[in-house]
Number of protein chains: 2
Amino acid sequence: MHFEMICTGEEVLSGQIVDTNAAWVAQRLLSHGVEMHSRVTLGDRMADLVGAFRQAAGRAQVVLVNGGLGPTEDDLSTEAMAQAMGVELELHQGWLETMTAFFERRGRPMAAVNRKQALLPAGAVMIDNPVGTACGFRVQWQGTWFVFTPGVPHELKKMVNDEILPWLMTDFGVHAGMPLHRILTIGQGESHLAAQLEELELPDGLDLGYRASLPYIELKLMQRRPVAEAALDKTVATIHQRIGDAWVGDNVVSVAEAVHQLMLQRQLSLVTAESCTGGMVASQLVDFAGSSGYLQGGWVTYSNQAKQQELGVATEVLEQHGAVSLQTAQAMAQGARSKLGSDLAISITGVAGPDGGSEEKPVGTVAFALAHASGCDTQLLNLGFRQRNQIRVLATTVALDMVRRHLLGLSPIAEYGYLRRVATL
Amino acid sequence: MHFEMICTGEEVLSGQIVDTNAAWVAQRLLSHGVEMHSRVTLGDRMADLVGAFRQAAGRAQVVLVNGGLGPTEDDLSTEAMAQAMGVELELHQGWLETMTAFFERRGRPMAAVNRKQALLPAGAVMIDNPVGTACGFRVQWQGTWFVFTPGVPHELKKMVNDEILPWLMTDFGVHAGMPLHRILTIGQGESHLAAQLEELELPDGLDLGYRASLPYIELKLMQRRPVAEAALDKTVATIHQRIGDAWVGDNVVSVAEAVHQLMLQRQLSLVTAESCTGGMVASQLVDFAGSSGYLQGGWVTYSNQAKQQELGVATEVLEQHGAVSLQTAQAMAQGARSKLGSDLAISITGVAGPDGGSEEKPVGTVAFALAHASGCDTQLLNLGFRQRNQIRVLATTVALDMVRRHLLGLSPIAEYGYLRRVATL
């Protein structure tokens, strides 16, 4: 189906509001196999709206118009549609009564301006809005259905879910769509991944896409037509094999989510000992409900004093090897693990910059240690010359990936491509 | 100036990414008086891109194109422009060398596919990208300048700030708007703030705008014409007075930034003791370079065991009052403060949900304590029925605001409007 969207409103166009409605509509319809073909965002100018309706008419099968159905002067969508079509606005008596009752229930009189919201282009079909005063409507012109929806997010969502999707399913044979398989990677650039997957033979109907969402690059396997499960599984396995240690999870939004799921399955306990990440590892896990099932606690040992007093890092270790060293990371992890008798402890200590780097340990140098029942794995990585926060996000991701790999029985020390390993103990 | 934007990429169109680039560009240019006239969002289809370029040509003065400059097959922007114009792609030797050096510095070979990123439409002017492999370019066609920018947000921002805005200033007489004064607030809705400021008399040339950026609502004072400093100061002071404790900072991006600045000025030390925020308070401070100057460390005491062992919270306190209580928060803060001999300690313990709530302490109940040389301030707030992460973000903001208010000599216990205080000690 050729589907387009027209978003209206100065506040969306000018960036005062980030247009989450557009993203929501696109995802909701994509889940029913309907791809958005294009999207136009316009301010509150009558001529622009009329022009956009005229351009889409005859080209698209369905155009979803969002916004501009309110009672004020800058709400122009309905009148613009009537102008484009060259028809009159007609009063929808049923909606006028619904609105009047809506205000009565709230104990306030309906303002005169609201009457405008019951005026629809001649020939339009009203679409109910049980949670607001702006009804939607759909109207067919030059073979194209224009579907008008309110800009208030929860009103839009209810209308799409309750009215518009069922209509698309009945009248256009749209149905809930194929699942998307997402493979999360770190440490390889998009071009490097593409080169590794260049000659990959995809089953018919399966497309491979890339999405950069730092620190990740996500590989997306999209089913254009239904693909046999075995063929999909085989493709996923081949991709895993080709990209090697860059793979950090399937169908998760972050490594933290993968760790969260695995920790709950394994019924082990975890503590964190963080220096340059400053609590980000713990916080990413606490994001998920149920993290109290395994996360006992954590330390942000930002100063040397905290490392010594709280985690028992020996003065000699700090003096001999420095705060950013394999030895300090190891002592932090082991100290943290013993304090609450945890199964696992992960530690991070590094130079996040912009100051504090040296020739031997430039900005981006980060030491990690994972202490567990049978020992302690350590690595010193050079995460490259990046901004402070990017280094912290990358370090958090690597730390969580060490936990993930350990829980899967893999070596916590991975080959990450552009995240260069300097040393291990 | 007639300015339009074309956003490309399946992930933006399909809503997998909310298009924050578009909002950022609109706001950044608006700060220089340039309004976005319209915006088209397209997927990775050659014909659609060519069509959009053709439509904008001759109509707009400047079209900013975002995305589609990567090395992979679905990056089509450059070729689409060449096709639209009917010109060849030409190798930009300088950018090829820059890219080769870029990869060399990172100790990896440049993949063959990256060569594509040095091909520009004949006649184009290359735009430098010092932080990525996708150079930008601008090319004039039918009187319209098309300016191509990378989709990676920090690359886009750097290019707009360092290259494109200066070019617009030189060639189009665009100039930076007057400084914007931003007032950060929490705990009041936009309509409530608007009501409090309704009869505010603004000096000539000064506009008041609102921007919701959760958990904040930002008030923006925009100078359409130069406004005398004294008049601006007076307006700011009046706004502060009217909005009361909702005010949490001027010209800062977050309360964390305000705390960071104040802590460095006051030369005091701070530790954090976090339960439901799980390290978010510490992490927000560590985001700022120089935070090691005051942040000694922190504890994520997620389990009762951690609260007892690490911070010395008495078993009786936990048993009698529960983990989410003023008493536990107080014991956490005092325990944390004494452990490293810090000047200040802030603690947070709450029910972030979705489970764990009770009738007495529903989801959203959070206890805070700030321990300092002359005592300990506590409060128990009901942050309302919100999603887990929203509650954690709000709790982090309130905790940091307690520190901020203490440093300014105000009571840490504020009246936040919709953030309801249940009790204090």
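Farthest toward the dipole's positive end in chain A, which of A:Pro226, A:Gln308, A:His321, given Cβ charges of +1 (Lys, Arg) and -1 (Asp, Glu) about the Cα centre?
The listed residue farthest towards the positive side: A:Gln308.
Between A:Arg106 and A:Glu11, what is the FRET efficiency for a Förster distance of 25 Å, r being their Cβ-Cβ separation, to the nearest 0.05?
Working: r = 25 Å, r/R0 = 1.01.
After rounding to 0.05, the efficiency reads 0.50.
Give the Kirkwood hydrodynamic radius (Å, one decimal) of the stretch A:132-177, defined as one over the mean of 1/r across all pairs of different Cα atoms.
11.5 Å
How high is the relative contact order of chain A? Use alpha-carbon pairs under 8 Å, at least six apart in sequence, and give a whole percent. Can you show the working numbers first?
Values: 796 pairs, mean separation 44.7, N = 425.
Computed value for chain A: 11 percent relative contact order.
To the nearest whole number, what is the average tally of beta carbon atoms from other chains within 10 Å of the beta carbons of peptide A:36-46?
Mean number of neighbouring Cβ atoms from other chains: 5.
Skipping prolines and chain starts, which residues have an amide H placed within reach, meaning under 5 Å, of the one on B:Gly357, given they are 5 or more residues away or on another chain?
Residues meeting the amide H criterion: B:Val363.
Averaging over every viewing direction, what projected area does the convex hull of the Cα atoms of the stretch A:326-382 cover, in nm²?
About 3.8 nm², averaged over all directions.
With a length cut of 24 Å (Cα positions projected on each helix's long axis) and a Kyte-Doolittle mean of at least -1.0, go through chain A and give me the DSSP H helices that pass. Mind showing how you got there, number by number?
Values: long enough: A:388-407 (29 Å, 0.04).
Both cut-offs are met by A:388-407.
Select from A:Ala329, A:Ala367, A:Ala112 the residue whose mean-square fluctuation is largest in a Gaussian network model of chain A (Cα-Cα springs shorter than 10 Å).
A:Ala112
Check which residues have an amide H placed less than 5 Å from B:Leu344's amide H, if you skip close sequence neighbours.
B:Ser269, B:Leu270, B:Val271
Taking the beta-carbon count within 10 Å as an exposure proxy, list A:His372, A:His154, B:His154 from fewest neighbours to most.
In increasing order of surrounding Cβ atoms, one gets A:His154, B:His154, A:His372.
Enumerate the whole-percent occupancy of each 20 Å bin, from 0 to the last occupied one, for all C-alpha pair distances of the protein assembly as shown.
For the protein assembly as shown, the pair-distance distribution reads 14, 42, 38, 6, 0.
Using +1 at the Cβ of each Lys and Arg and -1 at the Cβ of each Asp and Glu in the stretch A:3-172, identify which of A:Phe146, A:Met5, A:Met169 lies farthest towards the dipole's positive end.
Working it through, the farthest residue towards the positive pole turns out to be A:Met169.
7 Å along Cα→Cβ for the label point: how many nanometres lie between B:Ala195 and each equivalent label in the other copies, listed shortest first?
6.2
In which sequence would B:Phe172, B:Phe368 go, from the one with the fewest C-beta neighbours within 10 Å to the one with the most?
On the way: B:Phe172 15, B:Phe368 27.
Ascending number of Cβ neighbours within 10 Å: B:Phe172, B:Phe368.
If the cut-off is 19 Å between C-alpha atoms, which aspartates and glutamates fall inside it for B:Lys339, apart from same-chain ones fewer than 8 positions away?
The reachable aspartates and glutamates, counting only those whose Cα sits under 19 Å from B:Lys339, are A:Glu274, A:Glu310, B:Glu274, B:Glu310, B:Asp377.
With the cut-off at 28 Å, tell me which of the pairs A:Lys307/A:Lys361; A:Lys157/A:Lys234; A:Lys307/B:Lys307; A:Lys158/B:Lys157; A:Lys220/B:Lys116; A:Lys158/B:Lys220 have Cα atoms farther apart than that.
Distance filter (> 28 Å) returns A:Lys157/A:Lys234; A:Lys158/B:Lys157; A:Lys158/B:Lys220.
If you wrap chain A's Cα atoms in a convex hull and average its projection over all directions, what's the area in nm²?
On the way: hull surface 105.3 nm².
So the mean shadow area of the Cα hull is 26.3 nm².
Using the Kirkwood radius over C-alpha pairs as Rh, can you work out the diffusion coefficient of the stretch B:178-330 via Stokes-Einstein at 20 °C, viscosity 1.002 mPa s, in µm² per second?
Translational D for this selection: 117 µm²/s.
Taking only DSSP H segments of four or more residues, each worth -39500 (n - 2.57), what value at 222 nm results for chain A once the sum is divided by all its residues, to the nearest 500 deg cm²/dmol?
Calculated mean residue ellipticity at 222 nm is -10500 deg cm²/dmol.
Based on the mean of other beta carbon atoms within 10 Å per residue, what is the order of B:303-313, B:276-286, most packed first?
B:276-286, B:303-313
Using amide H atoms built in the peptide plane, which far-off residues or other-chain residues are under 5 Å from A:Thr41 H to H?
Answer set, sorted by chain and number: A:Cys7, B:Arg39, B:Val40, B:Thr41.
Can you give the mean number of other chain Cβ atoms that lie within 10 Å of the Cβ atoms in peptide B:389-399? Write out the running numbers ahead of the final one.
Numbers: counts 4, 0, 0, 3, 0, 0, 0, 1, 0, 0, 0.
Mean partner-chain Cβ count within 10 Å for B:389-399: 1.
What's the magnitude of the charge dipole for the stretch B:180-250 around its Cα centre, counting Lys and Arg as +1 and Asp and Glu as -1 at the beta-carbon? Answer in Debye, nearest 20.
Numbers: 7 positive and 11 negative charges, 41 e Å.
With only Lys, Arg, Asp and Glu charged at Cβ, the dipole is about 200 debye.
With charges set only on the Cβ (+1 for Lys and Arg, -1 for Asp and Glu), what does the dipole of the stretch B:284-362 come to about its Cα centre, in debye to the nearest 20?
260 debye
So, R0 is 56 Å and r is the distance between the beta-carbons of A:Leu202 and B:Ser374; what FRET efficiency does that work out to, to 0.05?
On the way: r = 68 Å, r/R0 = 1.22.
For R0 = 56 Å, the calculated efficiency reads 0.25.
Quick one: B:His37, A:His175, fewest Cβ neighbours within 10 Å first, how do they rank? Mind showing how you got there, number by number?
Values: B:His37 20, A:His175 10.
Ranking B:His37, A:His175 by Cβ neighbours within 10 Å, fewest first, gives A:His175, B:His37.
Apply 1/(1 + (r/R0)^6) to the Cβ-Cβ distance of B:Lys157 and B:Gln265, taking R0 = 45 Å, and write down the FRET efficiency to the nearest 0.05.
The computed FRET efficiency comes out at 0.95.
Enter the Cα centre distance for the pair the stretch A:213-286 and the stretch B:232-258, rounded to the nearest angstrom.
Computed from Cα coordinates, the inter-centre distance equals 42 Å.
Put a label point 7 Å from Cα along the Cβ direction on A:Arg115, then list its distances to the equivalent points in the other copies in nm, shortest first.
Reported distances to equivalent positions: 7.1 nm.
How large is ³J(HN,Hα) for each residue in the stretch A:127-136, as worked out from phi by the Karplus curve 6.51 cos²θ - 1.76 cosθ + 1.60 (θ = phi - 60°), to whole Hz, x for Gly and Pro?
These are the phi-based 3J(HN,Hα) values: 10, 5, 10, x, 10, x, 8, 9, 6, x Hz.
Hey, what D do you get for the stretch B:255-424 in µm²/s if you plug the Kirkwood alpha-carbon radius into Stokes-Einstein at 25 °C and 0.890 mPa s?
Answer from the Stokes-Einstein relation: 158 µm²/s.
How far is B:His32 from itself in the other copies, in nm, if each label sits 7 Å out from Cα along the Cα-Cβ line, shortest first?
Values, ascending and in nm: 4.3.
Take peptide A:193-201, look around each residue's Cβ out to 10 angstrom, count Cβ atoms belonging to other protein chains, and average those counts.
Counting Cβ atoms of other protein chains within 10 Å of each residue's Cβ and averaging gives 2.
Per the Kirkwood definition applied to all pairs of different Cα atoms, how many angstroms is the hydrodynamic radius of the stretch B:3-172?
Details: mean 1/r = 0.0622 Å⁻¹.
Averaging 1/r across every pair of different Cα atoms and inverting gives 16.1 Å.
Dipole of the stretch B:255-424, Cα-centred, from +1 at each Lys and Arg C-beta and -1 at each Asp and Glu C-beta, to the nearest 20 debye?
220 debye
Where a number appears in this text, it was derived from the coordinates with a stated rule and is not lab data. Computed from a predicted model, the values in this text were never measured in an experiment. With ideal geometry, Cβ positions are generated from the backbone for all residues, glycine too; neighbour counts draw on all protein chains shown.
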